[in-house]
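Some notes on the structure that comes next.
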Amino acid sequence: MIEIYFASSSSGMVRQFAERLGRPAHDLGDRDVRRSVPEGPWVLITPSYKTGNPDNDTIPEPVRRFLRDPVTRRRMVGIMGSGNRNFGSHYQAAARTIARISGRPVLFEFELQGTQWDVADARKVLDELEVALEAAHSA
Ligand SMILES: Cc1cc2nc3c(=O)[nH]c(=O)nc-3n(C[C@H](O)[C@H](O)[C@H](O)COP(=O)(O)O)c2cc1C
């Protein structure tokens, strides 16, 4: 089963979304989770945080750390992003940057904690991806 690994700040918007997907959802704020390696395919859910540093880096540090492991990176099958359109050209910058670097797709984007329709759509995307992965493996 595709499992979820997410980063979320104290406002907890990504957490709210991740915990409504009906799948195991692991919090990268937890050090033990960050140090673990997923045993199978997994999807990252990340917010974007524009820091104002010279690189305008938006990838949360726990995500950066978790992705250092090559096996972890290889098993990541896609990314979902939470953002806020008020950030203009930086909207979803973290999810989109990770997708570009990793060659994995952005599977779904939503604002803040997402709506109930967002949750339903994301569940569908994950279910379909799972079917596709299983078909690829049994081929
Ligand atoms: C300081 C700050 C910077 C942010 N920068 C961005 C950004 O660059 N791009 C974006 O799409 N959203 C940005 N956001 C919006 C958050 O990514 C969004 O609210 C997200 O849902 C937060 O998830 P969390 O509560 O789980 O941490 C920013 C929010 C804050 C408070």
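Before moving on, here are some points about what is shown:
- Residues (open to solvent by less than 80 Å² (accessible area, probe 1.4 Å) and near the ligand (Cβ under 10 Å from one of its atoms)) located in the range 28-58: Gly29, Ile45, Thr46, Pro47, Ser48, Gly52, Asn56, Asp57, Thr58
- Within the range 108-126, if we keep just the residues that are charged (D, E, K, R) and within 13 Å of the ligand (Cβ to nearest atom), the residue that is farthest from Ile4 (Cα to Cα) turns out to be Glu111.
- The C-beta contact set for the range 99-112 (first residue modelled with pLDDT under 95, second residue part of a strand (DSSP E or B) and open to solvent by less than 50 Å² (accessible area, probe 1.4 Å), distance under 8 angstrom, 6+ apart or interchain) is empty.
- Those residues of the range 59-78 which are away from the ligand (no atom under 15 Å from the Cβ), without any contact (Cβ under 8 Å) to a residue 40 or more places away in the chain and not basic (Lys, Arg), in sequence order: Leu67, Asp69, Pro70, Val71, Thr72, Met76
- Looking only at the range 94-107, residues that are within 16 Å of the ligand (Cβ to nearest atom) and either open to solvent by 60 Å² or more (accessible area, probe 1.4 Å) or in a helix (DSSP H, G or I) (or both) come to 7 in all.
- Restricting attention to the range 96-139 and to residues that are closer than 14 Å to Pro41 by Cβ and among the charged types (D, E, K, R), the residue that is nearest to the chain's Cα centre (by Cα) turns out to be Arg104.
- The C-beta contact set for the range 79-95 (first residue in contact (Cβ under 8 Å) with a residue 60 or more places away in the chain, second residue assigned to a helix (DSSP H, G or I) and within 7 Å of the ligand (Cβ to nearest atom), distance under 8 angstrom, 6+ apart or interchain) comprises Ser82/Met13; Ser82/Val14.
- Among residues that are among the acidic types (Asp, Glu) and part of a loop (DSSP other than H, G, I, E, B), Asp32 is not included.
- Some residue of the range 80-93 being more than 9 Å from the ligand (Cβ to nearest atom), among the aliphatic types (A, V, I, L, M), in a strand (DSSP E or B) and modelled with pLDDT of 95 or more: yes
- When the range 9-24 is limited to residues that are near the ligand (Cβ under 8 Å from one of its atoms) and surrounded by fewer than 24 Cβ atoms within 10 Å (Cβ to Cβ), the one that is nearest to the chain's Cα centre (by Cα) turns out to be Arg15.
The values are calculated or read from the model by the stated rules, or taken from the named source; none is laboratory data. A quick note: this is a predicted structure, and the numbers were derived from the prediction, not measured. Backbone-built Cβ (ideal geometry, glycine too); neighbour counts: all protein chains shown. These accessible areas exclude ligands, DNA and RNA; they are computed on the full protein's heavy atoms, side chains included. Shrake-Rupley method; radii C 1.70, N 1.55, O 1.52, S 1.80 Å.
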